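Let me begin by presenting the structure, written as structure tokens, before commenting on it.
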Amino acid sequence: MNRYKKANEGIHAPEELKDSVAHRTAKPRQQYSRWVSAAAAVLVVALVGGVALWPGRPDASGPTAGSPEGQPAPLSDGGGPGQLRAAPDDGAAAYQSCALALADYPDMAPYPKDEDYFAEVGDGEDAWDKAYEAYNQAYGAWLEDRDALRSGIDYTGVMDEFITRSTAQFLSGAGEDNRVYSPLNVYMALSMLAETTGGNSRQQLLDLLQADSVESLRERAAALWRDNYRDDGVVTSLLANSLWLRDGMTYSQDTLDTLAEHYYASSFSGAMGSEEYNQALRAWLNEQTRGLLAQQAEGVEMSPATVLALASTIYFKAAWDGEFAKELTEPDTFHAPSGDLDAEFMHKTLEGSFYWGENFTAVQLHFQRGGSMWLILPDEGASADGLLQSGEAMDFLFAPKYDRYDDQGHVTQEGWTGQKMLNINLSMPRFDVSSDLDLIGGLKELGVTDIFDMDVSNFDPLEASTDDPLYVSKAQHAARVKVDEEGCEAAAYTVIMVDCGAAMPPDDEVDFVLDRPFLFAVTGESGLPLFTGVVNQPNG
């Protein structure tokens, strides 16, 4: 500690802030490793939106779900992102019997792993040359497939306000509990909902989603889908959407086509409120989320009054780029708001940037070949709520970490100044956290009100065959995140029913000990936060 304090001489910051950064321990250390063999991070978010109506008279306009004319987009043989194919007749999954059209995902060449090409190179004169040639060909195929999907959009500033405001809204006020939230999935879900609304109902959603028109919003949603798609054997990052239509109900074909084309939405039709149709929806959710939310999905159901459900999921899986050795995990104390408790702490040493702000310190854990997890520790005397409400945490996440330059070499944006390359002795608990949030109050606080009021809500673009008003009656978001030595596993769904800094660190190393409430964020290849959360109780 004396060496640490000496390194900070001349820095004008309260001594207690300096001490809070240097939480020294005598834990064993593991050397940094670039690869892991079988670690996974999984993100799953499902949104189910239901449009329900008061009993009314169907008219004869628009496509009817359950009939050939009710398909939401022309069927194709698949082969491209978002293309639709006819549903199979074999009943392989419970939901397929209700399918009108299923979205196809693009095939990606697998990322070439070194061990597949160089582990057993022969002794021949040109054996290594052939191995390198094969590797380079495989890498070129992977790179071509990946680049073909990229939109080229720079998301700097595009969604910052929505992510910052909504994350603060839905993570704050946890008290002694945990909170988890997926900003990207809620963004996609609300974008789909905006396609079905009109007038001020749509405008309120556009304002929250930072879009100047529904046309620009759907282009952004399509880009988000492409930029967050990976399925190459190293990183799995998949977004899926679907429409659940009511047999005999008519809808606007243009609206359904838009949802299919720009949101890559599969479509289904069935008897609303029936156990068979509800089981089909649950089966679809479970397949998209790899069964991680089976228990939560059991509570998802459409009522007899529902005429449309919108479902959206995101799934993310990647390996830590540097594993935690299980033999170094040992029990220690976590200082939870409700009192001290025992937790299993993982340990490793990594070389990287150590970040700090006025009221926090932070470390970045990388996944292999794309994405990362950010760990943000409030200083002693600060809180996760304080970092969220002041915007300090999200400002840090969105800030460029290094200087940005134009073509002439001029700095166009300065990077985060509070950082230094160090050996970081990371100590963090295994955690398994979950939460179940009602989004309606939060969305109203964020300015979206009309869709919840049948007297003013506008769902005209849906052209549902009724003269009675539609309104959102339910908006729930459930999520779970698990972290251990092998990686991170997370799942969440949202249900919407439309119803009737600190001081400069030491000069060479620092201990970063997450033994009190902290924030985390998981970012994908696009750099956007896919998942955020606050850990108050690592054992759930």
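The values are calculated or read from the model by the stated rules, or taken from the named source; none is laboratory data. Just so it is clear, the structure is predicted and the values come from calculations on it, not from any experiment. Using ideal geometry, Cβ is built from the backbone for each residue, glycine included, and neighbour counts are taken over all protein chains shown. Keep in mind that these areas ignore ligands, DNA and RNA; they rest on the heavy atoms of the full protein, side chains included. Shrake-Rupley method; radii C 1.70, N 1.55, O 1.52, S 1.80 Å.
Quick notes on this structure:
- Euclidean distance between Cα centres, the stretch 425-489 to the stretch 157-182, Å: 12
- Look at the alpha carbon pairs under 8 Å that are at least 6 residues apart: their mean separation over the length of the stretch 159-290 gives a relative contact order of 18 percent.
- Percent of alpha-carbon pairs separated by more than 20 Å within the stretch 267-422: 71
- All alpha carbon pair distances within the stretch 208-291 were sorted into 5 Å bins beginning at 0; the resulting P(r) in whole percents reads 3, 12, 17, 19, 20, 15, 11, 3, 0.
- Annotation: extensible slack from ARG430 through GLU358 equals 23.2 nm (criterion: 0.36 nm per residue apart, minus Cα-Cα distance).
- On a per residue basis, the stretch 100-207 carries 46 Å² of accessible surface, using protein heavy atoms and a 1.4 Å probe.
- DSSP-loop trypsin sites (Lys or Arg not before Pro) across the stretch 101-172, with at most 15 other Cβ within 10 angstrom: LYS113, ARG150
- Whole-Hz ³J(HN,Hα) from phi, Karplus 6.51 cos²θ - 1.76 cosθ + 1.60, for the stretch 357-362, glycine and proline x: x, 5, 10, 7, 10, 8
- Of the solvent-accessible surface of the stretch 406-453, computed with a 1.4 Å probe and all protein chains present, 41% belongs to carbon and sulfur.
- When ARG404, ARG230, ARG290 are compared by accessible surface with a 1.4 Å probe, the order from highest to lowest is ARG290, ARG404, ARG230.
- Solvent-accessible area of the stretch 208-320 (1.4 angstrom probe, protein heavy atoms only): carbon and sulfur portion equals 42 percent.
- Subtracting the Cα-Cα distance of GLU344 and ALA141 from 0.36 nm times their residue separation leaves 68.9 nm of extension gain.
- Taking 32 Å as the limit for the C-alpha separation, the pairs LYS130/LYS326; LYS113/LYS348; LYS130/LYS401; LYS348/LYS474 exceed it in the case of LYS130/LYS326; LYS130/LYS401; LYS348/LYS474.
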